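**Q** Before we start, here is the structure in question, set down as C-alpha cells.
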Amino acid sequence: MELNLIADLRLEVARIQDVIRDNPTSVNPEPVLKALENYGRALQKKQNELMRRAGVYNSRVSRIIGEATFKQI
C-alpha cells in the first residue's frame, strides 16, 4: 500500500513539474521546480527503502518501476 501511495505521489510531482514548465509566468519557477525535484528524489529513496525491506529490490526492478511511472504521465 505504501509503495502504491509513493508511486502515485511521484506521478503527481512529475505532473506538477510539467504544468509549471508548460505554463510560463512572470514569476521565476526554478525554486518551485527545484523543491519538487528534491521531493521526488526523497520519494524515490523511500520507495527504494520499502522495496528493499520487502525483498523485491534490485536494479532491474527499480528501473522498470521508474520507467513505468514516468510513461504513465
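**Q** Filter the stretch 16-32 down to residues that are surrounded by 11 or more Cβ atoms within 10 Å (Cβ to Cβ) and in a loop (DSSP other than H, G, I, E, B), then give me how many there are.
**A** So the count comes out to 1.
**Q** Can you tell me which residues in the stretch 22-58 are under 19 Å from the mean Cα position of the chain (by Cα) and more than 21 Å from residue 2 (Cβ to Cβ)?
**A** Answer for the stretch 22-58, where residues must be under 19 Å from the mean Cα position of the chain (by Cα) and more than 21 Å from residue 2 (Cβ to Cβ): 22, 29, 30, 31, 32, 33, 34, 35, 37.
**Q** Is it the case that residue 38 is in a helix (DSSP H, G or I) and modelled with pLDDT of 90 or more?
**A** It is true that residue 38 is in a helix (DSSP H, G or I) and modelled with pLDDT of 90 or more.
**Q** Run down 65, 73 and say which single residue is under 13 Å from residue 11 (Cβ atoms) and at pLDDT 65 or above.
**A** 65
The values are calculated or read from the model by the stated rules, or taken from the named source; none is laboratory data. Keep in mind the model is a prediction, meaning the values are calculated, not measured. Using ideal geometry, Cβ is built from the backbone for each residue, glycine included, and neighbour counts are taken over all protein chains shown.
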